[in-house]
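Take a look at the structure below.
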Amino acid sequence: MRILAIESSCDETAAAVVDDEIEILSSVVASQLDTHGKYGGVVPELASREHLRAIVPVVRLALDEAHAALETLHAIAVTAGPGLVGSLLVGLTYAKGLAFALSKPLIAVNHIEGHIYAVILESRRKGTPVEFPALALVASGGHTHLFRVEPDGGIALLGRTRDDAAGEAYDKVAKLLGFGYPGGPIIDQLAPFGNGRAVPFTAVRMKGNPLDFSFSGLKTAVLRWTEARDLSGELAARRELLAVHPRPTIEQWRAVTPQATVDMLASFQRTVIDELLRRAALAAGEMGARAVIISGGVASNQGLRAAAAKADLQAPVHFTTRALSTDNAVMIAAAAFGKARRGEYADLGVAPYSTLNRS
Ligand code: KG4
Ligand code: ZN
């Protein structure tokens, strides 16, 4: 079974062709980083416009690279949400048009489910398939969720962030300190040069669901840390650097970042990782998970990967390769196969949705 998948929920226009839940024939991702970088975050109106520009060439390239004729496709899969509605509409409308013109079924995929299935697909490719029930931690720019995943595709929410997503916290901290967007990869690369115990950020204590996350307190603690110091010199130096190099290397960032700031970033990262893994371990233990899946943009974090390998997560841990942990369309195809097998097709009236609750 061959599926063409399209993803346009945020700031990446992506298309992929995947065969039989395992063989990635092509994966094309057009990033809009250069468009949004200078604003320190994704600008929804610009994102929709860039998707419109990219969608036709990206899908065409995915089909060409796969040597896949349109007639050979079993179905067209597309992200219906959650995400920016204007961005989602571009991929969804294009997918509907294609499905209608080719008389092929349309499969509407939830973006977060896609992040989970990217790991399931890759674990199968590696010959160490995920066992079920699995605990999935999805941590990205828009989401930080814990799910229980069943072998039949059933997914139940166990916990979620009450405020910022983990990736959002990374991006906001990076923006506050004058680093580029997205902040996650920059902080990830700087952290190994710092002392993660230098700034004693405290773990969040909350009433209610012990599997819920919260990152806004940590973000505020970073803000307080910056307010207590004169950072004007280093902020100016980073502004100048960004003006000259839109995407500086880590050596260039280090040259304009004093050790105290690197230590604070390492401490921030250590706290985020501790929070993520502590709750994942708790959830995995409670549900008797046979595998732990860690996915979403933040799953490409090297510190998180190293810590997860050492942590007692109660079950084997599965990550995707870094290329499949940030947004792509392979993950949308991966989630679509089960739906195709179960005949869960969407009709052409399917609407995009912005939040997880409406999936
Ligand atoms: O999954 P993704 O590509 O898009 C969303 O669905 O949000 O995730 C993007 C997020 C951004 O917030 C980015 O800063 C974060 O993932 N991210 C990272 C790393 N790479 C990307 N966060 C921490 N460490 C990284 N290496
Ligand atoms: Zn994502």
remark   = The answer for the chain, counting only DSSP H helices whose Cα atoms cover 27 angstrom or more along the axis and whose Kyte-Doolittle average is 0.0 or greater, is 44-66, 259-287
message = Please compute the contact order of segment 1-56 in relative form: average sequence separation of alpha-carbon pairs under 8 Å and at least six residues apart, divided by the residue count, as a percent.
response = 30
ask   = For the pair Y39 and E286, what calculated FRET efficiency results from E = 1/(1 + (r/R0)^6), where r is the Cβ-Cβ distance and R0 = 56 Å, to the nearest 0.05?
value = 0.85
remark   = Per segment 201-358, sqrt(5λ) over the Cα gyration tensor eigenvalues, sorted largest first, in Å, gives 35, 23, 17
Accessible surface of the chain, 1.4 Å probe, proportion on carbon and sulfur as whole % = 55
task = For E227 and A309, calculate 0.36 nm times their separation in residues minus their Cα-Cα distance, and state this gained length in nm to one decimal.
result = 26.0 nm
For segment 1-145: rounded, prolate or oblate by the Cα gyration tensor [a/c cutoff 1.5] = oblate
Overall dimensions of the chain as given by Cα atoms, namely Rg and Dmax in Å = 20.4, 63
Protection proxy ranking of 98-107, 57-66 - average other beta-carbon atoms within 10 Å, highest first = 57-66, 98-107
inquiry  = I'd like the Karplus ³J(HN,Hα) series for segment 250-256: coefficients 6.51, -1.76, 1.60, θ = phi - 60°, whole numbers in Hz, and an x wherever there's a Gly or Pro.
reply    = 5, 5, 5, 5, 4, 5, 10
query = Mean projection of the alpha-carbon convex hull of segment 17-86 over all orientations, in nm²?
reply = 5.7
task = Could you tell me which of rounded, prolate or oblate describes segment 68-132, using a ≥ b ≥ c as the square roots of the eigenvalues of the alpha-carbon gyration tensor, with rounded for a/c under 1.5 and, failing that, prolate when a/b is larger than b/c and oblate otherwise?
result = oblate
message = Just to confirm the filter: which trypsin sites (Lys or Arg not before Pro) across segment 113-142 are DSSP coil and have at most 11 other Cβ within 10 angstrom of their Cβ?
response = K126
task = Mind checking which lysines have their Cα closer than 20 Å to the Cα of K172? Skip sequence neighbours fewer than 8 apart in that chain.
result = K38, K219
request  = Determine the distance separating the Cα centre of segment 101-134 from the Cα centre of segment 209-225; give it in Å without decimals.
outcome  = 31
inquiry  = Is the C-alpha gyration tensor of segment 81-216 telling us rounded, prolate or oblate? Criteria: a/c under 1.5 is rounded; beyond that, a/b larger than b/c is prolate, otherwise oblate.
reply    = prolate
request  = At 0.36 nm per residue, minus the direct Cα-Cα distance, what do A203 and R49 gain on full extension? Give it in nm, one decimal, please.
outcome  = 51.4 nm
request  = Compare G233, G167, G217 in a GNM of the chain, Cα atoms joined below 10 Å, and give the one with the largest fluctuation.
outcome  = G233
request  = Would you work out the charge dipole size for the chain about its Cα centre, treating the Cβ of every Lys and Arg as +1 and the Cβ of every Asp and Glu as -1, and quote it to the nearest 20 debye?
outcome  = 600
ask   = Say each of D347 and F193 gets a label point 7 Å from the Cα, pointing the same way as Cα to Cβ; how far apart are those two points in nm?
value = 5.8
query = Equivalent-ellipsoid semi-axes (√(5λ), Cα gyration tensor) for segment 243-298, whole Å, largest first?
reply = 35, 15, 6
ask   = Over the chain, what relative contact order in percent results from Cα pairs under 8 Å that are six or more residues apart?
value = 25
remark   = Note on segment 1-157: contact order normalised by length, alpha-carbon pairs under 8 Å, 6 or more apart, percent, works out to 21
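The values are calculated or read from the model by the stated rules, or taken from the named source; none is laboratory data. Since the structure is predicted, the reported quantities are computational estimates derived from the model, not experimental observations. FYI the Cβ positions are ideal-geometry reconstructions off the backbone, even for glycines, and counts take in every protein chain you see. Each accessible area value is taken on the protein alone, full model and side chains, heavy atoms only, with ligands, DNA and RNA left out. Shrake-Rupley method; radii C 1.70, N 1.55, O 1.52, S 1.80 Å.
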